[in-house]
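Input: a single structure, listed below in structure tokens.
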Amino acid sequence: MKIYLMTYFLKIYWLIFLLTIIAAEAADDTVLTINGNLINRVALASKEQSPDFIITTYYDLLADIVKDEIMARRLMLENLLPNYEVAYLAADSAEMAEVRDKIDLRWARIQAIHIQFFNAEVVNVLNTAYIAKFKGLLPEHSE
């Protein structure tokens, strides 16, 4: 546990150092602020960017172990899309409901990770990016 915490804090300090350099070059734009344990909004990830860019930008700020977990869950969620589309086109409501339940479970876990590591504003940005990426398949008012 001590090694994990030391690694985590070293990565945070290294990230802050790099972001300070980037911020100096970005003409006084706020690149990253951290309050307590939660990561705040990043100026580089604007609403005009693609959902994938926004999601990846925030996930790159996480420790590797967390990033790996959330990326795996994101991949599982993406892998369910073809199943849902096939069930939808076949008008198979039972299959749609089953796939929908799996989607909801994976989405709930992703949201739990978002809430654990990001502030409310970033959670909202990430939710909006996911909703855009999955073309309305995810609930609009997820918290």
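Each reported figure results from applying straightforward, stated rules to the coordinates on display, with no laboratory input. Just so you know, these numbers come straight off a predicted model, no measurement behind them. Positions of Cβ are generated from backbone atoms using ideal geometry, with glycine treated the same way; all protein chains shown enter the neighbour counts.
Amide H contacts of Phe118 (H built 1.01 Å from N, in plane; Pro and chain starts excluded): Ile39 sit under 5 Å, all sequence-distant by 5 or more or on other chains.
Placing a pseudo-label 7 Å from each Cα along the Cα-to-Cβ vector at Glu98 and Val66 gives an inter-label distance of 3.6 nm.
Taking the fewest neighbouring Cβ atoms within 10 Å as the starting point, the ordered list for Ile113, Ile65 is Ile65, Ile113.
Local charge for Leu81 was computed over the other residues whose Cβ lies under 12 Å away, with Lys and Arg +1 and Asp and Glu -1, and equals +4.
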